[in-house]
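Student: If you scroll down you'll find the structure; I have some questions about it.
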Amino acid sequence: MSAIPQHIAIIMDGNGRWAKQKGILRAKGHEEGGQTVQRTLDLCLEHGVKWLTLYAFSTENWGRSKLEVNALMHLLDKYLKERTPEMMEKNVRLHAIGELHMLPDNCREQLQASIDATKENTGLNLVLALSYGSRQEITAAMRNLAEQVQSGTLAPQDITPEMISDNLYTAGMPDPDLLIRTSGEMRISNYLLWQISYAELYVTDVLWPDFGREEFEAALAEYARRERRYGKR
Ligand code: IPE
Ligand code: IPE
Ligand code: MG
């Protein structure tokens with residue numbers, strides 16, 4: 001077992017509080033959060049982490065004001081346009097999970113273009129969770145399996161945990177080893193419920209825009225100290 005997690009998943013929380021503390025617009029907090037994404041990507045490359053899955057926008061986040069949703073979608077589009085050349089330089093492969101059909105056309109098209117452009121890259125895998133909800137993901141997987149049962153190609157007793165994994169958006173990706181949440185909330189907020197069964201959890205009070213090397217390396221050090229028993233002795 002490696003002291004470095006192969007896969008880190010992050011709930012990037014606290015952009016709004018960061019902006020509020022500074023007396024600036026929430027959108028500015030999200031913009032700053034985009035800088036943290038880049039910093040975190042570089043830290044993963046430096047430490048040899050192979051998978052980084054970022055919770056960028058949840059299914060429930062559609063319920064925020066139109067102003068904020070638009071600002072987030074604009075930032076996503078801008079981030080992908082500006083950063084795809086850098087992903088190419090750094091050998092980063094981009095993936096996305098979530099109800100991507102819900103994204104505005106320009107974002108979805110840009111996302112697909114960035115995914116296609118980076119698909120031969122073999123370094124770090126960056127997975128963006130966009131319009132993502134774990135219950136929705138599991139529901140979709142159950143529908144797929146139910147259709148196979150209904151059409152007679154699958155017997156209910158043959159359904160295995162692996163088959164369920166293979167029907168999630170994350171099919172083919174390793175499960176996260178370490179889940180980090182910034183800004184102190186002790187909850188999962190509908191993120192990767194199935195996939196984090198045995199992930200180590202790390203919550204820091206630091207707000208996402210302030211998350212940097214010190215915090216990242218503290219999380220890695222804490223992970224290295226954990227004993228992962230998987231129910232055994
Ligand atoms: C996380 O920051 C980013 C998204 C959810 C898109 P928040 O916007 O949730 O920030 P807080 O929780 O209000 O501080
Ligand atoms: C989780 O943060 C979603 C993302 C980081 C994209 P939220 O701020 O939406 O979660 P709650 O509302 O605190 O549970
Ligand atoms: Mg939040």
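Since every read-out is calculated from the coordinates, none of them should be taken as a lab result. Model, not experiment: these values are computed from the prediction. All Cβ positions, even for glycine, are placed from backbone atoms using ideal geometry, and neighbour counts span all protein chains on display.
Student: Of the residues that make up segment 220-227, is at least one under 30 Å from Ala140 (Cβ atoms) and either polar (S, T, N, Q) or surrounded by 14 or more Cβ atoms within 10 Å (Cβ to Cβ) (or both)?
Tutor: For segment 220-227, residues under 30 Å from Ala140 (Cβ atoms) and either polar (S, T, N, Q) or surrounded by 14 or more Cβ atoms within 10 Å (Cβ to Cβ) (or both): absent.
Student: Still on this structure, please answer the following. Does segment 41-50 include one or more residues that are more than 30 Å from Ala141 (Cα to Cα), in contact with a strand residue (DSSP E or B) (Cβ under 7 Å, 6 or more places away or on another chain) and either free of Cβ contacts under 8 Å to residues at least 60 places away in the same chain or hydroxyl-bearing (Ser, Thr, Tyr) (or both)?
Tutor: Within segment 41-50, not a single residue is more than 30 Å from Ala141 (Cα to Cα), in contact with a strand residue (DSSP E or B) (Cβ under 7 Å, 6 or more places away or on another chain) and either free of Cβ contacts under 8 Å to residues at least 60 places away in the same chain or hydroxyl-bearing (Ser, Thr, Tyr) (or both).
Student: I'm trying to understand the selection: among the residues of segment 38-71, which are buried (at least 20 other Cβ atoms within 10 Å of the Cβ), within 16 Å of ligand 2 (Cβ to nearest atom) and in a helix (DSSP H, G or I)?
Tutor: Thr40, the sole residue that qualifies.
Student: If you scan segment 12-27, which residues turn out to be more than 13 Å from Phe57 (Cβ to Cβ) and within 15 Å of ligand 3 (Cβ to nearest atom)?
Tutor: Those that are more than 13 Å from Phe57 (Cβ to Cβ) and within 15 Å of ligand 3 (Cβ to nearest atom): Gly14, Gly16, Arg17, Trp18, Ala19, Lys20, Gln21, Arg26, Ala27.
Student: Still on this model: Hey, can you tell me all the residues within segment 107-136 that are over 20 Å from Cys44 (Cα atoms) and hydroxyl-bearing (Ser, Thr, Tyr)?
Tutor: Within segment 107-136, Ser131, Tyr132, Ser134 qualify.
Student: Among the listed residues Ser151, Ser183, Ser189, identify the single one that is within 23 Å of Gly33 (Cβ to Cβ) and surrounded by fewer than 18 Cβ atoms within 10 Å (Cβ to Cβ).
Tutor: Going through Ser151, Ser183, Ser189 in turn, the sole match is Ser189.
Student: Is it true that some residue in segment 12-31 is part of a loop (DSSP other than H, G, I, E, B), more than 16 Å from ligand 2 (Cβ to nearest atom), under 18 Å from the mean Cα position of the chain (by Cα) and exposed (fewer than 14 other Cβ atoms within 10 Å of the Cβ)?
Tutor: Among the residues of segment 12-31, not one is part of a loop (DSSP other than H, G, I, E, B), more than 16 Å from ligand 2 (Cβ to nearest atom), under 18 Å from the mean Cα position of the chain (by Cα) and exposed (fewer than 14 other Cβ atoms within 10 Å of the Cβ), which makes the answer no.
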